[in-house]
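Each reported figure results from applying straightforward, stated rules to the coordinates on display, with no laboratory input. These figures come from a predicted structure and were not determined experimentally. Heads up, the Cβs are rebuilt from the backbone with ideal geometry, glycines too, and the neighbour counts pull from every protein chain shown.
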Number of protein chains: 2
Amino acid sequence: MSLLDAAGSEPRVDALRAMRAVEFPLPPGEIRAFRRDARVSLRFPLGPSERLYGLGLNFKTVEQRGTVKELHVDHYGGSDNGRTHAPVPLYVSSAGYAVLIDAPRYITVYAGTAESRDSKHPPPVKDRNSDSSWTAIPLSDAVEALVPAAGTRLFVFAGPTPLDAVRRYNLFSGGGVLPPKWGLGFLQRVPTLYTAEQVLREVDEFAARGYPLDVVGLEPGWQSAAYPGTFMWDPTRFPDAPGFMREMQRRRVAVNLWINPYVSPKAPFYGRLEPLSGSHTVWTGLVPDFTLPETRAVVLDLFRREHLQLGVSGYKIDEVDGYDKWLWPDHAVFPSGLSGDEMRQVYALYLQRATAELFRQRGRRTWGLVRGSNAGAAALPYVIYNDYYSHPDFITALVNSSFIGVLWTPEVRSSKTGEEWLRRMQSVCFSPLAMLNAWADGTKPWSFPEVADAVRDVMRLRLRLLPYLYTAFARYHFQGTPPVRAMPLVEGFAAGRDPKDEFMVGDNLLVAPLFAGETSRTVILPAGKWYDFYTGALAGSGGTITVTPGLERIPLFVADGGIIPLLAGDRRQVPPPNEQADLEVRHYGEADGRFELYDDDGETFGYEQGDFSWTTLTVRRDSSGKLQGESRRPPGGKPFHYRTIRWTMMTTR
Amino acid sequence: MSLLDAAGSEPRVDALRAMRAVEFPLPPGEIRAFRRDARVSLRFPLGPSERLYGLGLNFKTVEQRGTVKELHVDHYGGSDNGRTHAPVPLYVSSAGYAVLIDAPRYITVYAGTAESRDSKHPPPVKDRNSDSSWTAIPLSDAVEALVPAAGTRLFVFAGPTPLDAVRRYNLFSGGGVLPPKWGLGFLQRVPTLYTAEQVLREVDEFAARGYPLDVVGLEPGWQSAAYPGTFMWDPTRFPDAPGFMREMQRRRVAVNLWINPYVSPKAPFYGRLEPLSGSHTVWTGLVPDFTLPETRAVVLDLFRREHLQLGVSGYKIDEVDGYDKWLWPDHAVFPSGLSGDEMRQVYALYLQRATAELFRQRGRRTWGLVRGSNAGAAALPYVIYNDYYSHPDFITALVNSSFIGVLWTPEVRSSKTGEEWLRRMQSVCFSPLAMLNAWADGTKPWSFPEVADAVRDVMRLRLRLLPYLYTAFARYHFQGTPPVRAMPLVEGFAAGRDPKDEFMVGDNLLVAPLFAGETSRTVILPAGKWYDFYTGALAGSGGTITVTPGLERIPLFVADGGIIPLLAGDRRQVPPPNEQADLEVRHYGEADGRFELYDDDGETFGYEQGDFSWTTLTVRRDSSGKLQGESRRPPGGKPFHYRTIRWTMMTTR
């Protein structure tokens, strides 16, 4: 059992082979492992100026050198101690490599903290009484780790850049997920006890008010009982589930169902799952052992019949993370032989993988939410969320997700003020999943009238960016390049600066959110000239700038020569597969530009059989010195859904 | 290796035999243990209304049912998750028994949280959608635990009351420590780089201003280098250490030395300790393996020569708790064969025990401070402290210390206001160690002029209470009864109320501190009448009262018939062994009273050979109905240091 096995990772060998071959990035003689008393301790060398990233989905810090992590699937509790929704045991070094400790255990990682007496580069001895340079954490020349099991697999991913190391890791995990196009639209989760009628009314109100909506999420009340669940439609709130689903399809709104995996005695498959479940219950519900094929068969058969055949598009898989006092104990025993702690580390991976497979069998992509994950998850069609709800920390999680092959959404639920509401809605629109989760609060995008228009504007901007976002995901899938990127992964970004409140979406868009109470902020730009997304005006040239964007705008910047393709015109929904849409292609700055635009049918797995297109968009100066756009699609590239292209030179008009 | 072995616990068999024999308190057939993969899982039955206390030195909560603890010696980080200075794996049930899991490991305890499928009393299944009584933690009928080792020792301590269970545990640990009398005086820790001259000047200033002072603590600057340390006097700040120590003795002020155990290359015994230390360093210092007799011999020989022979009275043992990123990693290896995590759980116990033995060899009791501890520590002459510094949480720690056989001081360091300063000084004077720790702040008791007199008053009251406090410790030693007591350990206290901000000192004094910003508070009284300590007036009769004591007074209450012996007159220092002091014995309320007053020489271990006295103080009504006091000392009881007794009937004058 390993994490990558649990995730079902199938390395994309061709894509890995296509990357530049480089030397093994560490001196192999300096990697040490020894086993003692059924535990393995590890030591990896570390240079004096290396910075370390990753080691789980952290919410407060980006650089991790000088910390200790006990990597443990759990609800995030407010400190970056290793207990988090995706405690991926992977670190990425600023020196351009990554290390994965692939064991389904609570691994303790000493990220440049443990000081071995046989270190080759021991730190100097200092007297705290007399030396003000004394430090509580002397510089260690190693990452050490303890795996509380008799064995582990180790992987070292070469660079040469940190981004290359991340790409290799993602490709080794199967390549990043390519969501269905509708998954990049707006998702509204409705209050937990809403009836079918209330849901349809809410969908219609989105349309009437002109707010984007592509997916609705139903919360626990869709089930006839929850915590533990029956997985069956509630006959009072959803008396005609097939009819309800048809109405939703007529409105072209996908339906996502909340579940947690714990099985009520009232669930139809309870009896069959009894021998296939763990020694302990959660909220009196069975904990099915999803590592067993027979368990998956029983559960997924019901899911297929009761959900997918009605048109359900995906799941939100809740409570597979923690807290400890809710879930099974570490000494629980499962029919497969796994112990409680092993199961804790892989449970969410198995659920993601099993449900994803269900949709794959029908030839339809899915796109869902999950509260737990771990290593190897890049290819799984799930975005992590939680209810911790600090807006700044949510953005730091978005930054950190990019190191460890997971996706994260800074979901919006409620706010104290219209200002906070707008700031949160702005940033969620630049995340992998633009979602309002109103399960408890009943909020709508227009809940704060004073910012209702600005909220609609940013939701529509998100939708217009579909060609750009979808291409970013295609690069995640085919090349391993994460769609959201921390700045230390960006070429030309000054080493040693690890901002936790700005990030790239795709190659060209730098996002710098503001938080409630702020009217201006600083933004650290990578080298070269950067331009304001909205106006095309020069914003700065490398270094740190201060921006005062006004409440209506989230600061967005594009590098010199950057190209951003958008859907032309205003839209409320992702175009259906049979529509030919119009494009607006924007160019920023003075330099020539080039962008490879991806497209496919947006719904099936045809892209795995070559049914996709890459269109080269270039902007260069003609003989008169004027910037001209050109689009070239190689013969055979299909499908391609864009009819016309309008070129907009944002800076040089 | 077990915790009790590490602590050197020697059960006080006679005292245990003297307790009432009771049945084994749990159905033995319902205690289960099984081993799997070199781990042991445990299950103990739990009744529906039992409340659980203990499970480490917690700072925020008293009742622990419904929690999970990972018991781990560590700095307290702000949540009661098991990481704390004394993570004693003992729980005390309100049903009147206690359970100790005696393994030097990071034990995970599910205190009524894990729900086993074969539970005899499973909680009802509830639907969260429709049932507002649904709860995230259904009532479990067991305490479960995981010991990550192939074996463990288990102890169940019978009652019949919770206090009896605690007493049995303390007696099994060797009985509680009896401090030297001077240890109950006031301790001032001076700024870290103070010179000998500055220390003496400060001592003289205490005398000139009339503030109690019996002990001075020297912080890191007494050493020639610290973090890591040399354990040698600094020749610039202490050019004549023997002379300095003589001056301190002349002033009758004991000297306590700060240390942490990590050894600088500049320490004289560095070379001898190199082969006797662990695989990792702390702040570049060696980590001596104190489980080895040869290590103790090397270290203690220097301590004896350089410290004890000069008259040093004790140590403050710092940084044996955490943080993880400062100490050795869990996979460290020690010459004894212990792993890092095992050593972490016992290191502080070994250091306490080894240094205590050093003083015992000289026939003198010691009294010191330590930042880490664990099970079996009751007999060790150390009080736990930390720098977390929340005043309310410090008091909760004081409450919780009473369940688990450790002592705690809510040390005072600095304050924002005079009010806070006074409130902190008031409560530390009703703790096992009345201490101002000015190592970083340079504060003095009189630092806030507006409360300087009130601070002096409460320090003097502390000193006057010496006969009462010393007796409370004698009962800790001889009978296992903790000197500070949580209210659930008090007879007549209503079950189901677990206040975290009030406690008993000895049998008769209920202490209810106020915190900065409060002018009044509620106090929950045990059954019966309770009287104001200062005035003798009736304060209430059971139930909850509200008091508005004014800034100068910490609320103190005495039960009906309660007797409190005090030193008569005002004092600044604990009386020396050769002095016969005068007593004031106070009686409160209307009922007859009886108090057994303990005395001995206050400095040696003569009490272990029978050199002590118990004097019976009784107050009863004479034929005219007037309360009369009487003192009876059985023949042969010695020593006894009290010359005269003045009886004060506080309520009935």
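Which shape class, rounded, prolate or oblate, goes with region B:109-163 when its Cα gyration tensor gives a ≥ b ≥ c as root eigenvalues, a/c under 1.5 marks rounded, and past that a/b bigger than b/c marks prolate?
Working: a/c = 3.03, a/b = 1.80, b/c = 1.68.
It is prolate, given that a/c is not under 1.5 and a/b is the larger ratio.
Please give the FRET efficiency for A:Y323 paired with B:R621, using the beta carbon to beta carbon distance and R0 = 60 Å, rounded to the nearest 0.05. The partial results should precede the final answer.
On the way: r = 59 Å, r/R0 = 0.98.
E between A:Y323 and B:R621, to the nearest 0.05, is 0.55.
Neighbour counts of other C-beta atoms within 10 Å: give me B:L57, B:L461 arranged from fewest to most. Kindly include the intermediate steps, with their values, before the conclusion.
Values: B:L57 25, B:L461 20.
Placing the least packed residue first, the sequence is B:L461, B:L57.
Starting from the 7 Å offset along Cα-to-Cβ, what nm value, one decimal, do you get for the label separation of B:E197 and A:R153?
Each label point is offset 7 Å from its Cα along the Cβ direction, giving 7.0 nm.
Shape call for region B:243-301 from the C-alpha gyration tensor, a ≥ b ≥ c root eigenvalues: rounded (a/c under 1.5), prolate (a/b greater than b/c) or oblate? Walk me through the numbers on the way to the answer.
Details: a/c = 2.84, a/b = 2.32, b/c = 1.23.
Because a/c hits 1.5 or more and a/b exceeds b/c, region B:243-301 counts as prolate.
I need the phi-derived Karplus couplings for region A:522-532: 6.51 cos²θ - 1.76 cosθ + 1.60, θ = phi - 60°, integer Hz, Gly and Pro marked x.
In residue order, the calculated couplings are 9, 10, 8, 9, x, 4, x, 8, 10, 10, 5 Hz.
Count, for each residue of A:224-237, the Cβ atoms from other chains sitting within 10 Å of its Cβ, then give me the mean as a whole number.
Averaged over the peptide's residues, the number is 3.
Give me a comma-separated list of calculated 3J(HN,Hα) values for region B:578-590, in order, Karplus coefficients 6.51, -1.76, 1.60 applied at θ = phi - 60°, integers in Hz, x for any Gly or Pro.
Residue by residue, region B:578-590 yields 8, 9, 9, 9, 9, 10, 10, 10, 9, 10, 10, x, 9 Hz.
Taking 1 over the mean of 1/r across every pair of different Cα atoms in region B:220-324, what Kirkwood radius in Å do you get? Mind dumping the intermediate values first?
Working: mean 1/r = 0.0697 Å⁻¹.
That comes to 14.3 Å for region B:220-324.
What Kirkwood radius, in Å to one decimal, follows from the Cα pairs of region B:17-62? Before the final figure, lay out each step's value.
Numbers: mean 1/r = 0.0706 Å⁻¹.
Taking every pair of different Cα atoms in region B:17-62, averaging 1/r and inverting gives 14.2 Å.
Amide H of B:Y382: which non-local residues (sequence gap of 5 or more, or other chain) have their own amide H closer than 5 Å, using H built in the peptide plane?
Close amide H contacts, sequence-distant or interchain: B:G368.
Of the peptides A:132-141, A:105-114, how do they stack up when ordered by the mean number of other Cβ atoms within 10 Å, highest first?
Packing order, densest peptide first, comes out as A:105-114, A:132-141.
Search the structure for amide H atoms under 5 Å from the amide H of B:E115, placed 1.01 Å from N in the peptide plane, and list their residues when 5 or more places away or on another chain.
Amide H to amide H, under 5 Å and 5 or more residues apart or across chains, B:E115 pairs with A:T281.
Please work out the ratio of the alpha-carbon Rg of region B:507-653 to 2.2 N^0.38 Å and round it to two decimals. Walk me through the numbers on the way to the answer.
Details: Rg = 17.4 Å, N = 147, 2.2 N^0.38 = 14.7 Å.
The reported ratio for this selection is 1.18.
Per the helix-only calculation at 222 nm, which mean residue ellipticity applies to chain A, given -39500 (n - 2.57) for every DSSP H run of n ≥ 4 and division by its residues, nearest 500 deg cm²/dmol?
Working: 12 runs with 135 residues, N = 653.
It lands at -6500 deg cm²/dmol.
How would you rank A:348-356, B:92-100, highest first, on the average number of other Cβ atoms within 10 Å across their residues? Don't jump to the answer; show the numbers that get you there.
Values: A:348-356: 25.2, B:92-100: 23.4.
In decreasing order of mean packing, A:348-356, B:92-100 become A:348-356, B:92-100.
Based on the Kirkwood radius over alpha-carbon pairs, what is the Stokes-Einstein translational diffusion coefficient of chain B at 25 °C with 0.890 mPa s viscosity, in µm²/s? Working shown, then result.
Numbers: Rh = 25.5 Å.
Estimated via Stokes-Einstein, D reaches 96 µm²/s.
Over region A:299-391, with a single point scatterer placed on each C-alpha, what log10 of the ratio I(q)/I(0) does the Debye formula yield at q = 0.10, 0.18 1/Å?
For region A:299-391, the Cα-only Debye profile gives -0.30, -0.89.
Counting DSSP beta bridges with both partners in region B:550-653, what percentage is antiparallel, nearest 5? List each step's numbers first, then the result.
On the way: 18 of 24 bridges.
The antiparallel fraction comes to roughly 75 percent.
What does DSSP give for the protein assembly as shown in terms of the percent of beta bridges that are antiparallel, rounded to the nearest 5?
Details: 153 of 215 bridges.
Of all bridge pairs located within the protein assembly as shown, approximately 70 percent are antiparallel.
Within 10 Å of each Cβ in peptide B:321-328, how many partner chain Cβ atoms are there on average? Round it to a whole number, please. Numbers along the way, then the final one.
Values: counts 0, 1, 4, 9, 11, 6, 3, 4.
Counting other chains' Cβ atoms within 10 Å and averaging over B:321-328 gives 5.
Mind scanning B:K69/B:K120; A:K416/A:K529; B:K181/B:K444; B:K266/B:K325 and naming the pairs with a C-alpha gap bigger than 28 Å? Before the final figure, lay out the partial values.
Numbers: B:K69/B:K120 24 Å; A:K416/A:K529 37 Å; B:K181/B:K444 23 Å; B:K266/B:K325 24 Å.
Pairs exceeding the cut-off: A:K416/A:K529.
Using only atoms on other chains, find how many Cβ atoms lie within 10 Å of each Cβ of peptide A:629-639 and report the average.
Details: counts 0, 0, 0, 0, 0, 0, 0, 0, 0, 0, 0.
Per-residue shielding by partner chains comes out at 0.
Rg to Rh for the protein assembly as shown: what is it, with Cα atoms only and Rh by Kirkwood?
Values: Rg = 34.6 Å, Rh = 33.9 Å.
Radius of gyration over Kirkwood radius for the protein assembly as shown works out to 1.02.
Alpha carbon centre of region A:563-632 versus region A:31-60: separation in Å?
Using only Cα atoms, the two centres lie 42 Å from each other.
Please identify every one of the GluC sites (Glu not before Pro) in region A:1-78 that sits in a loop by DSSP and has no more than 14 other beta carbons within 10 Å of its own beta carbon. Don't jump to the answer; show the numbers that get you there.
Details: sites: A:E23, A:E30, A:E50, A:E63, A:E70; in loops: A:E23, A:E50, A:E63.
Sites meeting the loop and neighbour criteria: A:E23.
How fast does region B:401-480 diffuse by Stokes-Einstein, in µm²/s, taking the Kirkwood radius from C-alpha pairs at 25 °C and 0.890 mPa s? Don't skip to the end; give the middle numbers.
Details: Rh = 13.6 Å.
The estimated diffusion coefficient comes to 180 µm²/s.
Largest first and to the nearest Å, give the Cα extent of region A:495-561 along each principal axis.
31, 30, 20
Cα convex hull of region A:356-493: how many Å³ per residue? Let's see the in-between values first.
Details: hull volume 19.1 nm³, N = 138.
Considering the Cα atoms of region A:356-493, their hull volume per residue is 138 Å³.
What is the Cα convex hull volume of region B:1-112 when expressed per residue in Å³? Don't jump to the answer; show the numbers that get you there.
Working: hull volume 14.8 nm³, N = 112.
Taking the convex hull of the Cα positions in region B:1-112, it is 132 Å³ per residue.
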